[in-house]
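The values are calculated or read from the model by the stated rules, or taken from the named source; none is laboratory data. Quick caveat, the model's predicted, so the values are computed rather than measured. Cβ sites come from the backbone with ideal geometry, for glycine too, and all protein chains shown count toward neighbours.
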Amino acid sequence: MTAVDEIKIGGLGASRKRVEDQRFIRGKGNYTDDIVLPGMLHMEILRSPLAHARIVSIDTSRAWQIPGVHLVLTGEMMATRNLAWMPTLSYDTQAVLATDKVRFQGQEVACVIADDPYIAKDACEAIDVEYEPLPPIVNPEQALADGAPVIRDDKEGQDSNVIYNWEVGDAAGTERAFAEADTISRLRLHYPRSHPSPIECCGSIADFNRATSKLTVYMTTQAPHIIRAAVALVAELPEHMIRIISPDIGGGFGNKVPVYPGYVCSILASILLERPVKWIEDKTGNLISTGFARDIYLDGELALRNDGKILGVRMHVDSDHGAFFSDAQPSKFKIGLLHSAFACYNIPAGRITARGTYTNKAPGGVAYRCSFRVTEAMFFQERMIQAAAQDLGMDQAAFRRINLVSDDQFPFRTPFGFLTDSGQYGKCLDVGLRAVGYEDFRKQQAEAKARGRLLGLGISTMTEPLGAGNSREYDILGIKMFDSADLKVHMTGKAILRTGAKTQGQGHETTWAQIVAHELGIPAEDVVVEEGDTDTAPFGMGTYASRSTPVAGAAVAMVSRKIRAKARKLAAHLLEVSEEDVEWELGRFYVRSAPDRGVTIQECAMAAYSNMPDGMEPGLENTAYYDPPNLTWPFAVYIVTVEVDPETGVWDVLNMVAVDDCGVRINPMIVEGQIMGGLTEAYAMANMQFITFDAEGNCVGSNYMDYLLPTAWETPGYELHSEVVTPSPHHPIGAKGIGECAAVGGPAAFVNAVMDAIADTGVRNIDMPLLPDRVWEAITKRHDVSGAPPVRSDD
Ligand code: MCN
Ligand code: CUM
């Protein structure tokens, strides 16, 4: 007998088909809205039509009279239970239902609970709210202007719209670097607001049982245990009497990390009515009120030597957080991991200053396929790198090559203090350049130019920190960031695995079983994976920041190893030899001196319940908590070629090459799916997707006519490369996160390509999205097109 074939049993490296798709493609998924409980009522939310206004009065009497209405909740009623406001994940407060003022269009003002959602919606319209309008503030510049109205006048001592001033890096060293520079390259950029827009909106079904005092909440959350802790704190319910169940999730993309007022209201309503209460957000509600992303302005500077060496970097960012500072991020860092910028470049000194402001927009600023602001960090970085190469008159690839961290420099301390773990940056760049035919394209580009055609090539190279955290540095609201896995191997060698992560489409049910197969030789199909139920899953911090593989995935490997250690003892007992004489090969223990004498892992499992040695605790189950020593640092090179039509400003992608090194790939097919999805979102952000606000604070982008998602029709094709593999030196199976890389690094590649195509115009920047009219304006007027669209240019 020999070891089992790892690929055949669906182990590490197998492109195993996604087991969850068995139910998804049959329409048998079980999403929050699919759940129907006996006696269930329905909740709808009345939202503010105005961005900034004082509430004069709320009259709910007409709503109460509508047959089928069970409860009308207002801020005033919430206040009697101390629930009108709730703490945010960034130590701010957020209104659950407005009491004093409304602070953004779409803010929750009241809720109606009724027999069905239609009655509830009608009753919302029967609530009479009198508002006294206040001047709205829609960007940081207005927020910081003299005499600007203070949006958060509810907060004692808050006399401006500034939330924080934060800085990181080496101020003196950076000053010196800039003093020594031959050239200083400057760029101002805006990364506009965008929205994750998962197909499934947010929702919850709260079910409070008075007899048992137990509260069960089915909800769309990426982090059920954090929600349980938050509910325990906010609703003052004992934690063991709260069960959060996150069933199938129809896409999260960060939108389902925060705590939303709808969740809180449905919980209170269920407690008051002693019946299950379901809240399902509609698309407009989701687009205008839940977890936005980005909306951040950069003043960036690079200190350069004329030979191409970057000496220092200076960044100032102004971040628009909306009306409440509700970012989910490690509490140590005010602007997430923005300071991971330039981590792949060898730059001696850097400094970031960051200022956050309140505005009359929905709260957000962190979520959407990003590890806490790394999307902004890498976009700014790669736009600044392109501008710097251009300012020096250097080739884009050569300039990067001079400054990228080389293979022998790891672990590498980045300009803002991170320690990157590993990588082969130069090799990835070579693979990408070869694949796109770099030299040839430059020739084609020159020839095309002679005929009036605009071709461009954009490069984006980046490493990003994935896997928050390690508990020394990372926590949310004081809860340390680590993760967990619990593995129960049954008598017949079949197993159930639970983790503290929560899949939303990433395929954990498939890939975690592959790690077990790799560690134990139990076929992946014999391992069922379950996530998202706080009564059964071990405590974990959930899925976002591509942390699942780096942290929960590591815990899966570690718990499997604990199981293997016990199985070894069982094997020694079965083989009647001492443990030291037992060897392991995949799926089987054998006697070192007699390799034919062996027992399978399944036989060990049976023995754990039927034939254990004297004194051994029965059973084959264990739990592992994993606190990673560092973040994992995948690397990527994205290269895009485009043609820009000077007559219309329309740009088409000719080719896109992606070289991703995320260490060991558990399931190559799933990894490629993650990259393609991310590139598509990157393309959407660069090309079409934005939520903007008019001067009154009206949200433009509250529906899919205005907020454009790319379909298969406009999405370009991608050429993916997987030949560079640098295992993470500290991850038990060498895997690094991948979930966001393409969405993080992709946007700059598209924008850089368009900017390269129009370089001769002297235009340094067009802010995203690069809509045709904006590109056309830049080409014909020969000026930068900046700021949050719609842009009002002077001429
Ligand atoms: N994987 C792998 N080998 C690796 C790394 C990852 O096979 N070396 C697999 C993993 O096992 C997992 C998937 O790829 O099945 C993504 O893993 P990982 O990079 O750990 O990311 P997470 O599972 O933590 O997912 C989070 C990430 C984020 S933050 C957003 S936002 C996002 C994304 O994933 N949201 C998504 N991808 C998404 N994909 C879908 N379909 N839906 C979402 O909501
Ligand atoms: Cu920031 S979006 Mo993902 O980390 O859930």
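Among the residues of the stretch 512-535, the ones that are part of a loop (DSSP other than H, G, I, E, B) and either modelled with pLDDT under 95 or surrounded by fewer than 19 Cβ atoms within 10 Å (Cβ to Cβ) (or both) come to 1 in all. Evaluated against (1) farther than 27 Å from Pro261 by Cβ; (2) within 23 Å of the chain's Cα centre (by Cα), Gly300 falls short on exactly one condition, (2). Restricted to the stretch 256-327, the set of strands (runs of 3 or more DSSP E) holding at least 1 residues that are of a type in the set (Gly, Ala, Ser) comprises 296-304, 310-320. For the stretch 364-415, the tally of residues that are of a type in the set (Lys, Arg) and surrounded by fewer than 24 Cβ atoms within 10 Å (Cβ to Cβ) stands at 2.
All of Ile733, Ile738 fail the test of being assigned to a loop (DSSP other than H, G, I, E, B), within 16 Å of ligand 2 (Cβ to nearest atom) and touching a residue at least 40 places away in the same chain (Cβ under 8 Å), apart from Ile738. For the stretch 73-99, what are the residues that are surrounded by fewer than 20 Cβ atoms within 10 Å (Cβ to Cβ), farther than 21 Å from Gly291 by Cβ and of a type in the set (Ser, Thr, Tyr)? Matches in the stretch 73-99: Thr80, Thr99. Kindly indicate whether Ala179 is surrounded by fewer than 17 Cβ atoms within 10 Å (Cβ to Cβ), of a type in the set (A, V, I, L, M, F, W, C) and assigned to a loop (DSSP other than H, G, I, E, B). Here the answer is no, as Ala179 does not meet what is asked. Does Thr726 qualify as being without any contact (Cβ under 8 Å) to a residue 24 or more places away in the chain and assigned to a loop (DSSP other than H, G, I, E, B)? No: the conditions fail for Thr726. When each of Val231, Val150 is tested for being within 30 Å of Tyr358 (Cα to Cα), free of Cβ contacts under 8 Å to residues at least 60 places away in the same chain and not in a loop (DSSP other than H, G, I, E, B), the lone residue that passes is Val231. Annotation note: of Phe342, Phe333, the sole residue that is touching a Gly at 6+ places or on another chain (Cβ under 9 Å), aromatic (Phe, Trp, Tyr) and in a loop (DSSP other than H, G, I, E, B) is Phe342. For the stretch 447-474: of the residues being of a type in the set (Ser, Thr, Tyr) and more than 16 Å from ligand 1 (Cβ to nearest atom), which is surrounded by the most Cβ atoms within 10 Å (Cβ to Cβ)? Of everything passing the filter in the stretch 447-474, Ser460 is surrounded by the most Cβ atoms within 10 Å (Cβ to Cβ). If you filter the stretch 650-702 down to residues that are within 15 Å of ligand 1 (Cβ to nearest atom) and in a strand (DSSP E or B), you find that the one that is nearest to Ile7 (Cα to Cα) is Gly663. Among the residues in the stretch 209-221, are any within 15 Å of ligand 2 (Cβ to nearest atom) and buried (at least 22 other Cβ atoms within 10 Å of the Cβ)? Yes, some residue in the stretch 209-221 is within 15 Å of ligand 2 (Cβ to nearest atom) and buried (at least 22 other Cβ atoms within 10 Å of the Cβ). Looking across the stretch 536-588, the residues that are within 16 Å of ligand 2 (Cβ to nearest atom), polar (S, T, N, Q) and assigned to a loop (DSSP other than H, G, I, E, B) come down to Thr543, Ser546. The single condition among (1) out of contact with any Phe, Trp or Tyr (no Cβ under 9 Å at 6 or more places or on another chain); (2) at pLDDT below 95; (3) of a type in the set (A, V, I, L, M, F, W, C); (4) more than 16 Å from ligand 1 (Cβ to nearest atom) that Leu477 does not meet is (1). Residues that are touching a residue at least 60 places away in the same chain (Cβ under 8 Å), crowded, with 21+ Cβ neighbours inside 10 Å and assigned to a strand (DSSP E or B) were ranked within the stretch 479-496; the one that is farthest from ligand 2 (Cβ to nearest atom) is Val489.
Yes/no per residue for (1) away from ligand 2 (no atom under 16 Å from the Cβ); (2) out of contact with any Phe, Trp or Tyr (no Cβ under 8 Å at 6 or more places or on another chain); (3) of a type in the set (Gly, Ala, Ser); (4) more than 30 Å from Pro140 (Cβ to Cβ):
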| site | (1), (2), (3), (4) |
| --- | --- |
| Asn687 | yes, no, no, no |
| Phe693 | yes, yes, no, no |
| Asn698 | yes, yes, no, no |
| Tyr704 | yes, yes, no, no |
| Tyr707 | yes, no, no, no |
| Pro710 | yes, no, no, no |
| Pro716 | yes, no, no, yes |
| Leu720 | yes, yes, no, yes |
| Ser728 | yes, no, yes, yes |
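Here Thr2 fulfils each of the conditions (1) part of a helix (DSSP H, G or I); (2) in contact (Cβ under 8 Å) with a residue 40 or more places away in the chain apart from (1).
Criterion applied to Gln444, Gln504 was being among the polar types (S, T, N, Q), modelled with pLDDT of 95 or more and either away from ligand 2 (no atom under 16 Å from the Cβ) or surrounded by fewer than 23 Cβ atoms within 10 Å (Cβ to Cβ) (or both), and the one residue passing it is Gln444.
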